[in-house]
Amino acid sequence: MATSMREPTFWILTALATRPLHGYGVLQEVGRLSEGQMKLQAGTLYAALDRLSAEGLVEPDHDEVVDGRTRRYYRLTDHGAVALDAETERLRRNARTAARQLSVRHGLETA
């Protein structure tokens, strides 16, 4: 049985699926992709990026200096893409099962 991914992890990996981003870029992309439903705090994000990096799901891509401050960009690893794909499929299966159950319920209510 596949274990579920924590929602912040899902959104961070999703945000990094198309291109490397720096921390603030990840925060913005997570908010955009989740339509404002997932709001990560900076401390939570950086702790998660450290954990995900240690797990091999993301890795530093490059650093950039902007206004004297270093921005570290992260990218999704191949292992991270496989994990995100597996979680996406798990969520699809769960949603299909729930939809079937609800359609049965709705069929009973209208009978």
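The values are calculated or read from the model by the stated rules, or taken from the named source; none is laboratory data. Because the structure is a prediction, the values reported are computed rather than measured. As a convention, Cβ positions derive from the backbone with ideal geometry for all residues, glycine included, and neighbour counts pool all protein chains shown.
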Among (1) within 10 Å of the chain's Cα centre (by Cα); (2) among the hydrophobic types (A, V, I, L, M, F, W, C); (3) assigned to a loop (DSSP other than H, G, I, E, B), the one test that residue 11 misses:
(3)
Name every residue in the stretch 1-46 that is among the β-branched types (Val, Ile, Thr) and at pLDDT below 95, in order of residue number.
3, 44
Determine if the stretch 91-103 includes at least one residue that is at pLDDT 95 or above, closer than 23 Å to residue 31 by Cβ and surrounded by 12 or more Cβ atoms within 10 Å (Cβ to Cβ).
yes
Considering only the stretch 47-58, state which residues are buried (at least 16 other Cβ atoms within 10 Å of the Cβ) and touching a Ser or Thr at 6+ places or on another chain (Cβ under 8 Å).
48, 52, 57, 58
Residue selected from the stretch 59-76 under the condition without any contact (Cβ under 8 Å) to a residue 40 or more places away in the chain and in contact with a Ser or Thr (Cβ under 9 Å, 6 or more places away or on another chain), by the criterion surrounded by the fewest Cβ atoms within 10 Å (Cβ to Cβ)
63
Helices (runs of 4 or more DSSP H) within the stretch 14-111 that include 2 or more residues over 26 Å from residue 3 (Cβ atoms)
23-33, 78-110
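Of all residues in the stretch 1-46, which are of a type in the set (D, E, K, R) and either in contact with a helix residue (DSSP H, G or I) (Cβ under 7 Å, 6 or more places away or on another chain) or crowded, with 18+ Cβ neighbours inside 10 Å (or both)?
Scanning the stretch 1-46 gives 29, 39.
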Give me the pairs, please: first residue somewhere in the stretch 27-39 and within 14 Å of residue 9 (Cα to Cα), second residue anywhere and in a loop (DSSP other than H, G, I, E, B), beta-carbon distance under 6 Å, and either six or more positions apart or on two chains.
27/40; 30/38; 30/40
